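K.L.:
Let me begin by handing over the structure; questions about it come next.
Readers should treat all values here as calculations from the given coordinates under stated rules, not as data from a laboratory. Everything numeric in this text was worked out from a predicted model, so none of it was measured. Heads up, the Cβs are rebuilt from the backbone with ideal geometry, glycines too, and the neighbour counts pull from every protein chain shown.
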Amino acid sequence: MNLAELAPDYIRAIAPYQAGKPISELAREMGLDEAAIVKLASNENPLGLPPKARAALEAAVSELSRYPDGNGFELKAAIAAKFGMNQEQVLLGNGSNDILELVARTFLRPGDSVVFSEYAFAVYPLVTQATGARCIEVKARDYGHDLDAMLAAIEPSTRLVFVANPNNPTGTLIKPGALLEFLEAVPAQVLVVLDEAYTEYLALELRADIVGFLSRFPNLIVSRTFSKAYGLAGLRVGFALASSEIVAMVNRVRQPFNVNALAQAAATAALVDDDFLARAVAVNKEGMAQLTEAFVRLGLPYIPSFANFVTFHVADAAALNAYLLRHGVIVRSLAPYNMKNSLRVSIGLPQENARFIEVLESALL
């Protein structure tokens, strides 16, 4: 008997998520020195850990023999204070991916449908399919969300709409006014998950009034992460803001210790490390200019990005990606997104960006 057949059809149909290649794996494959490899594939913060988070981690080590706070009181209190909300409106996740999965598990069942955009985050179809619900992928407009088309795609069976803003992997942005009009038009019985993993990189005037939106739209769930601008990708901690009713329902399926003690301590400290966050944003802005100026000079079209990465287009992305890997530079292939002639490069430190540009230029000669 093929034991895989014991799983439902909708589970067997899932194509597993493809993570960015680790430095150690590339070093083994290519016989390269790990120290010489530049990884610009996973949208990580090149500055590393925030100083306050590092200090909090060191202080928390002595308590690792005990279970973490299953309710995450201190972290939820810090998040609630930052946004001027109640703790009952804060949901913690093992990274924001966990938030997306928890929401799907709570509100979806076989026969339901979920709307999201073409070229949007690959986890949206994964969490949808895992519940037996149906994906409605709406064709993108200029690599970004076509909100009018997404509204038109909503069916009586639709329970969730995923919106990534800024979008991964294209870096496109929906302006606050357009987002507000969209939320006003979505039926009240349809939940909107607004995935804001990269919002810290936005100028203040480009950020949505999340607190105001949440007070007006009880069907809105806002997802955030500490993996990007806050530099805690390896600890896996994210959070959502939503109505207390939604949070209470999702907590019924959440594992009681889904965010570990180190992650809670580091995230609580990182949330108030304003100096680090400002430096991360500044480094990202400078790196964005460094990369896009190189693309212009090399005649490579790219998608203007509001996040911490840039997607660019080449004639043969697979060949270029292989060349970069052989020379110790890891970027992200977008073939899984049906963008076969595109690559996504994360913004690194100036010297990492320069190394990528050097190898890229040599490949194009």
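K.L.:
What are the equivalent ellipsoid semi-axes of the chain, built from the alpha-carbon gyration tensor (square roots of five times its eigenvalues), in whole angstrom, biggest first?
P.N.:
31, 26, 22
K.L.:
Among DSSP bridges having both ends in the chain, what percentage is antiparallel? Round to the nearest 5.
P.N.:
50
K.L.:
Springs between alpha-carbon atoms under 10 Å, Gaussian network over the chain: tell me which of V247, V296, V38 tops the mean-square fluctuations.
P.N.:
Checking each option, the largest mean-square fluctuation is seen for V296.
K.L.:
Between A15 and R105, what's the calculated FRET efficiency when r is the beta-carbon distance and R0 is 25 Å? Round to 0.05.
P.N.:
0.80
K.L.:
Determine the gain in length on full extension of the stretch H313-K175; use 0.36 nm per residue of separation and subtract their C-alpha separation, reporting nm with one decimal.
P.N.:
Computed gain between H313 and K175 is 47.2 nm.
K.L.:
On to the next question. Trypsin sites (Lys or Arg not before Pro) within segment 129-185: which are DSSP loop residues with at most 16 other Cβ atoms inside 10 Å?
P.N.:
Taking segment 129-185 and a limit of 16 other Cβ atoms within 10 Å, the loop trypsin sites (Lys or Arg not before Pro) found are K139.
K.L.:
With each pseudo-label sitting 7 Å past Cα toward Cβ, what's the V253-R326 distance in nm, one decimal?
P.N.:
It is 4.6 nm.
K.L.:
If you take the square roots of the eigenvalues of the alpha-carbon gyration tensor of segment 63-110 and sort them as a ≥ b ≥ c, do you get rounded (a/c under 1.5), prolate (a/b over b/c) or oblate?
P.N.:
Taking the square roots of the gyration eigenvalues as a ≥ b ≥ c, segment 63-110 is oblate.
K.L.:
Please sort by residue number the trypsin sites (Lys or Arg not before Pro) in segment 209-252 whose DSSP state is loop and whose Cβ has at most 11 other Cβ atoms within 10 Å.
P.N.:
Within segment 209-252, the qualifying trypsin sites (Lys or Arg not before Pro) (loop, at most 11 other Cβ atoms within 10 Å) are R252.
K.L.:
Can you tell me, using C-alpha contacts under 8 Å and at least 6 residues apart, the relative contact order of segment 1-154 as a whole percent?
P.N.:
Across segment 1-154, relative contact order equals 20 percent.
K.L.:
Let me ask another. Give, in nm to one decimal, the length gained when the segment between A233 and S215 is fully stretched (0.36 nm per residue of separation minus the Cα-Cα distance).
P.N.:
3.5 nm
K.L.:
Follow-up. Which one of A130, A120, A152 has the biggest mean-square fluctuation once the chain is modelled by GNM with Cα springs under 10 Å?
P.N.:
A152
K.L.:
Give me the lysines in straight-line cross-link reach of K76: C-alpha distance below 24 Å, same-chain residues under 8 apart excluded.
P.N.:
Here the lysines satisfying the reach criterion relative to K76 are K52, K228.
K.L.:
Next question, about the same structure. Once the dipole of segment 312-365 is set up with Lys and Arg at +1 and Asp and Glu at -1 on Cβ about the Cα centre, which of A322, V345, A335 lies farthest towards its positive end?
P.N.:
Going by the Cα projections, it comes out as A335.
K.L.:
For segment 67-270, what is the percent of antiparallel DSSP beta bridges, rounded to the nearest 5?
P.N.:
Within segment 67-270, antiparallel bridges account for around 35 percent of the total.
K.L.:
Hey, another quick one. Any chance you could list the semi-axes, whole Å, largest first, of the equivalent ellipsoid that the Cα gyration tensor gives for segment 67-270, using √(5λ)?
P.N.:
Equivalent ellipsoid of segment 67-270: 26, 19, 16 Å, largest first.
K.L.:
What residue among S305, S157, S113 has the largest mean-square fluctuation in a Gaussian network model of the chain, using Cα springs under 10 Å?
P.N.:
Most flexible of the set in this elastic network: S157.
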